[in-house]
Amino acid sequence: MNFSSKLLENAVNEVSQLPGIGKRTALRLVLHLLKQSKTHTKHLTTALDALVEQVKLCKSCYSISDVEVCEICSSSQRNKEIICVVEDIRDVMAIENTVQFKGLYHVLGGRISPMEGVGPHNLTISELIERIESGVVKEVVLALSSTMEGDTTNFYIYKQLQKYQITISTIARGISVGDELQYTDEVTLGRSIANRVPFGDSLAQ
């Protein structure tokens, strides 16, 4: 792809590094931005700069937040005895949209995947255990995607938590095997959360 401008080429190269975006799509997006007013484009760059410089991970649940402790963790309306374990903020958003869960969350930051070089130490599993050891938590809901990596991570966490006097449950299998949680429709996901089952029972399925 030949460019008449080095600035254009650099912009396209950067945009094309985003997931699912090739060089042609990147070129289309960059040209679209050039057609917009400078104010519009500056709003975008300002938002991205603020995201990079100011975004935080909640000190409690490790979800993306604007403040030290996110709104969910700091809310007096949430049930602090239940923690729902998810992969990332997209899953938090998906579950929140169902309005079926009123507990807290714990964001792992991914899932165990030896093929991708991701092990338990790369996730916030030790931080989850610290929350359990506080003695406040009575139930942990494992809500990872129904994939091989998700099931492996669920089982690993289950083994780590078995010694604690808590209920360990998992979302009901209304979600098809192999499905990513974030792409599941709200009704199905909501029912899966509401009808969660003991994790030990799920191993026999």
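The values are calculated or read from the model by the stated rules, or taken from the named source; none is laboratory data. Being a predicted model, the structure only gives us computed values, none of them experimental. Glycine gets a Cβ as well: all are built from the backbone with ideal geometry, and neighbour counts include every protein chain shown.
Residues of the stretch 155-165 that are within 14 Å of SER113 (Cβ to Cβ) and of a type in the set (Val, Ile, Thr): none at all.
Output the residues belonging to the stretch 125-155 that are part of a loop (DSSP other than H, G, I, E, B) and over 21 Å from ARG90 (Cα atoms). Answer for the stretch 125-155, where residues must be part of a loop (DSSP other than H, G, I, E, B) and over 21 Å from ARG90 (Cα atoms): SER134, GLY135, VAL136, VAL137, LYS138. Summed over the stretch 137-154, the residues that are surrounded by 22 or more Cβ atoms within 10 Å (Cβ to Cβ), polar (S, T, N, Q) and within 12 Å of SER113 (Cβ to Cβ) give a count of 2.
Taking the listed residues SER5, SER16, the one that is over 22 Å from ARG131 (Cα atoms), in contact with a Gly (Cβ under 8 Å, 6 or more places away or on another chain) and of a type in the set (Ser, Thr, Tyr) is SER16, with no other qualifying. For the stretch 38-79, the set of residues classified as in a loop (DSSP other than H, G, I, E, B) and touching a Gly at 6+ places or on another chain (Cβ under 9 Å) consists of TYR62, ARG78, listed by residue number.
For the stretch 108-124, a residue qualifies if it is part of a loop (DSSP other than H, G, I, E, B) and either out of contact with any helix residue (DSSP H, G or I) (no Cβ under 9 Å at 6 or more places or on another chain) or surrounded by 19 or more Cβ atoms within 10 Å (Cβ to Cβ) (or both), and the qualifying residues are LEU108, ARG111, ILE112, GLY117, GLY119, LEU123, THR124. Would you mind stating whether ILE82 is buried (at least 18 other Cβ atoms within 10 Å of the Cβ), without any contact (Cβ under 8 Å) to a residue 60 or more places away in the chain and either in a loop (DSSP other than H, G, I, E, B) or in contact with a strand residue (DSSP E or B) (Cβ under 9 Å, 6 or more places away or on another chain) (or both)? Spelling it out, ILE82 is indeed buried (at least 18 other Cβ atoms within 10 Å of the Cβ), without any contact (Cβ under 8 Å) to a residue 60 or more places away in the chain and either in a loop (DSSP other than H, G, I, E, B) or in contact with a strand residue (DSSP E or B) (Cβ under 9 Å, 6 or more places away or on another chain) (or both). With respect to (1) in a loop (DSSP other than H, G, I, E, B); (2) at negative phi; (3) not assigned by TED's automatic domain parsing to the domain that holds SER134, the lone exception for PHE101 is condition (3). The test for being free of Cβ contacts under 8 Å to residues at least 40 places away in the same chain, touching a Cys at 6+ places or on another chain (Cβ under 7 Å) and either surrounded by fewer than 18 Cβ atoms within 10 Å (Cβ to Cβ) or not assigned by TED's automatic domain parsing to the domain that holds ILE193 (or both) holds for SER65. Could you go through the stretch 16-23 and let me know if any residue there is outside the structural domain of SER169 (by TED's automatic domain parsing), assigned to a helix (DSSP H, G or I) and either in contact with a Ser or Thr (Cβ under 9 Å, 6 or more places away or on another chain) or surrounded by fewer than 19 Cβ atoms within 10 Å (Cβ to Cβ) (or both). There is at least one residue in the stretch 16-23 that is outside the structural domain of SER169 (by TED's automatic domain parsing), assigned to a helix (DSSP H, G or I) and either in contact with a Ser or Thr (Cβ under 9 Å, 6 or more places away or on another chain) or surrounded by fewer than 19 Cβ atoms within 10 Å (Cβ to Cβ) (or both).
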